[in-house]
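First the structure, in the form of structure tokens, and then the observations on it.
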Amino acid sequence: MAVISGGGWPQFEKAIGFESAPRQLLANLSLLSYLRHKVYRYESADWKKIYSEDFTTDQREKILDSLKKAIGVADFKIEKLWGEQIEDREAR
């Protein structure tokens with residue numbers, strides 16, 4: 001069985017509740033994060049990352065800089081902001 005989500009590892013932990021899940025059920029479970037291009041599989045009583053397509057540090061910085069510049073050029077003003085304007089989900 002597989003769980004597919006756009007979230008990262010913390011979202012999987014929260015949604016599935018690994019601590020209370022029977023280990024024999026986890027043995028047949030794979031987790032796929034489609035927005036972050038990561039795949040985890042439960043093996044030998046622990047989670048193993050079997051695939052990850054991460055941005056390099058340079059790619060990540062270029063993306064964040066480009067977003068910030070685009071917001072500045074658009075002169076986009078926000079009345080009230082809760083949290084960061086650009087959420088970096090650590091796609092590294």
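Averaged over its residues, the chain has an accessible area of 80 Å² per residue, based on protein heavy atoms and a 1.4 Å probe. Among 58, 46, 75, the largest mean-square fluctuation in a Gaussian network model of the chain (Cα springs under 10 Å) belongs to 75. Heavy-atom accessible area, probed at 1.4 angstrom with all protein chains present, ranks 18, 76 as 76, 18, highest first. Averaging the sequence gap over all C-alpha pairs within less than 8 Å and six or more residues apart, then dividing by the number of residues, gives the chain a relative contact order of 23 percent. Taking amide H positions as modeled 1.01 Å from N, with prolines and chain starts lacking one, no residue 5 or more places away or on another chain lies under 5 Å from residue 37.
Lysine pairs in the chain whose alpha-carbon atoms fall under 17 angstrom of each other, counting only those eight or more residues apart or on distinct chains, come to 4. Treating the Cα atoms of the chain as identical point scatterers in vacuum, please give the log10 of the normalised Debye intensity I(q)/I(0) at q = 0.12, 0.16, 0.18, 0.22 Å⁻¹, two decimals. Evaluating at q = 0.12, 0.16, 0.18, 0.22 Å⁻¹ gives log10 I(q)/I(0) of -0.53, -0.77, -0.87, -1.09. For the chain, the longest principal axis of the C-alpha atoms and the axis of helix 57-73 are separated by about 40°.
Note on residue 43: accessible area approximately 70 square angstrom, rounded to 10, probe 1.4 Å, nucleic acids and ligands left out. With a simple spin-label model that places each label point 7 Å from the Cα along the Cα-to-Cβ direction, the separation between residue 80 and residue 3 comes to 3.3 nm.
The values are calculated or read from the model by the stated rules, or taken from the named source; none is laboratory data. Note that this is a predicted model, so its numbers are computed, not measured. Counting neighbours? That spans all protein chains shown, and the Cβs are built from the backbone with ideal geometry, glycine included. These area figures cover heavy atoms from the full protein model, side chains too; ligands, DNA and RNA do not enter into them. Shrake-Rupley method; radii C 1.70, N 1.55, O 1.52, S 1.80 Å.
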